[in-house]
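The values are calculated or read from the model by the stated rules, or taken from the named source; none is laboratory data. Just so you know, these numbers come straight off a predicted model, no measurement behind them. Using ideal geometry, Cβ is built from the backbone for each residue, glycine included, and neighbour counts are taken over all protein chains shown.
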Amino acid sequence: MKISYLRNVFIIAFVLVSLSSFSQNDSLILSNGNVIVGEIKSMDKGVLQIETDYSDADFKIELEGIKEIYSDSRFMFTTSDGSRYTGSFTTSGENIIIKDEEQGDIVVKLIEIVYINGLDNGFLSRIYANIDFGYSLAKANNQQQVTSNIRIGYLADMWSLDAYYNTLFSSQDNTEDIRRNDGGFNYKYFLPHDWYLSAELTFLSNTEQSLNLRTTGKIGAGNYVIHSNSAYWGLGAGVAFNGEEFGLLTNVQPPAIPEDSIYSRNSYEGYIGTELNLYDIGDLNLFTNLTAYPSFTESGRWRADFRFDAKYDDFLLEDFYIRAGFTLNYDNQPAEIGREVDYVFTTGFGWEW
């Protein structure tokens, strides 16, 4: 009876271990010969993430430290030339063999793979998000400043959608409060050879330029000139509609507007922009974006938006970071004289998913 009981326990344990092994059918062989068995979640910016049963947190391994990869799971792949494939894969030397569901076996160099995402991981695996906050306090004049930055996005096989919202509030004794809010939605549809179509809607308000609300809608196209595991550089251009509403004005630009008035103006513009992201610098990530808007309907007017972010990942704890950012908005024909430029420098501590 006792032997029969132990045998049943052994069989049940064997079945459970077997099921666990089948549920984790991805394996990595590292350059030092170590083997990791688990479930590959994703690979982005040269870092592969794999989940295992024997670790509380997912392993993150730089691609250059991996010798071989084996998997029967379904993934979406993006290569450095903008090609996209769907299927399972294995590695062979310096190459990766993708068993594409439509085109059959595709051989690509491993270093040319810039993005991998598991399609069997569900809806949540395609979502990315980050949030950070900053606060400063100075005794002099009771000065306080609060900042927040929020971004969330979704990446599908052929398109992406993200949204963001940033705020700044600053106050001190005997001075008017300073407020700045900006946000937007950005949609991209990916085309062959790293081309894409884009549609974007952005919002901005700031007290420095007496701007109650600026709403800008853009449609255009772009291309990633560089797209690798260490960096990407993109260029884009298109057309935009700009609608603005201003608060109380006392020092206005011609044509003359009555003092202490509230007014709005609309214009059609073109835009040309560039962005650069460097992420193969240890745990440091650098991002910069510059967009210029020459007006079609207001003679001689042009605007520019500039952004720079430096983010240090895995600060103290995994998935946490510290960030420093600089944003500048320029308008050569502002509503008020002397208010051509508004800029802000922020720091924060945040979490990303």
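So in the range 305-346, with the set limited to residues that are part of a strand (DSSP E or B) and surrounded by fewer than 15 Cβ atoms within 10 Å (Cβ to Cβ), which one is farthest from the chain's Cα centre (by Cα)? My answer is Val341.
Every residue in the range 189-213 that is among the charged types (D, E, K, R) and at pLDDT 95 or above, please.
Step one: filter the range 189-213 for residues among the charged types (D, E, K, R), giving 194, 200, 208.
Glu200, the sole residue that qualifies.
Okay, residues lined up against (1) closer than 26 Å to Ile337 by Cβ; (2) of a type outside the set (D, E, K, R):
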| site | (1), (2) |
| --- | --- |
| Tyr165 | no, yes |
| Glu176 | yes, no |
| Arg179 | yes, no |
| Gly184 | no, yes |
| Tyr189 | no, yes |
| Leu213 | yes, yes |
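Determine whether the range 254-264 contains at least one residue that is loosely packed, with under 14 Cβ neighbours inside 10 Å and modelled with pLDDT of 85 or more.
From the range 254-264, those loosely packed, with under 14 Cβ neighbours inside 10 Å are 254-256, 258-264; that's our starting set.
Still in the list and also modelled with pLDDT of 85 or more: none.
For the range 254-264, residues loosely packed, with under 14 Cβ neighbours inside 10 Å and modelled with pLDDT of 85 or more: absent.
Kindly provide the set of residues from the range 193-206 that are part of a strand (DSSP E or B), touching a residue at least 60 places away in the same chain (Cβ under 8 Å) and within 19 Å of the chain's Cα centre (by Cα), ordered by number. Step through it out loud before you land on a result.
Of the residues in the range 193-206, the ones part of a strand (DSSP E or B) are 195-206.
Imposing the further condition that a residue be touching a residue at least 60 places away in the same chain (Cβ under 8 Å) reduces the set to 195, 204, 206.
The one that is part of a strand (DSSP E or B), touching a residue at least 60 places away in the same chain (Cβ under 8 Å) and within 19 Å of the chain's Cα centre (by Cα): Trp195.
Name the single residue that is nearest to Asp342 (Cα to Cα) among those in the range 265-304 being under 18 Å from the mean Cα position of the chain (by Cα) and among the aromatic types (Phe, Trp, Tyr). Once the filter is applied, the top-ranked residue is Phe287.
Only residues that are surrounded by fewer than 13 Cβ atoms within 10 Å (Cβ to Cβ) and either among the small types (Gly, Ala, Ser) or farther than 28 Å from Leu63 by Cβ (or both) were counted across the range 105-136, and they come to 3.
If you scan the range 221-251, which residues turn out to be of a type in the set (S, T, N, Q), assigned to a strand (DSSP E or B) and crowded, with 20+ Cβ neighbours inside 10 Å?
Initially, the range 221-251 is screened for residues of a type in the set (S, T, N, Q), giving 223, 228-230, 242, 250-251.
When the remaining residues are screened for being assigned to a strand (DSSP E or B), the result is 223, 242.
The one that is of a type in the set (S, T, N, Q), assigned to a strand (DSSP E or B) and crowded, with 20+ Cβ neighbours inside 10 Å: Asn242.
Scanning for something outside any strand (DSSP E or B), touching a strand residue (DSSP E or B) at 6+ places or on another chain (Cβ under 6 Å) and either within 18 Å of Leu155 (Cα to Cα) or not aromatic (Phe, Trp, Tyr) (or both), does the range 210-219 turn up at least one residue? Give the steps one after another, and end with the answer.
Keep residues of the range 210-219 that are outside any strand (DSSP E or B), which gives 210.
If we keep only those that are touching a strand residue (DSSP E or B) at 6+ places or on another chain (Cβ under 6 Å) too, we end up with 210.
Going one step further and asking which of them are either within 18 Å of Leu155 (Cα to Cα) or not aromatic (Phe, Trp, Tyr) (or both), we end up with 210.
Yes, the range 210-219 contains at least one residue that is outside any strand (DSSP E or B), touching a strand residue (DSSP E or B) at 6+ places or on another chain (Cβ under 6 Å) and either within 18 Å of Leu155 (Cα to Cα) or not aromatic (Phe, Trp, Tyr) (or both).
Every condition in (1) part of a helix (DSSP H, G or I); (2) modelled with pLDDT of 85 or more is met by Ala129 except one, and the failing one is (1).
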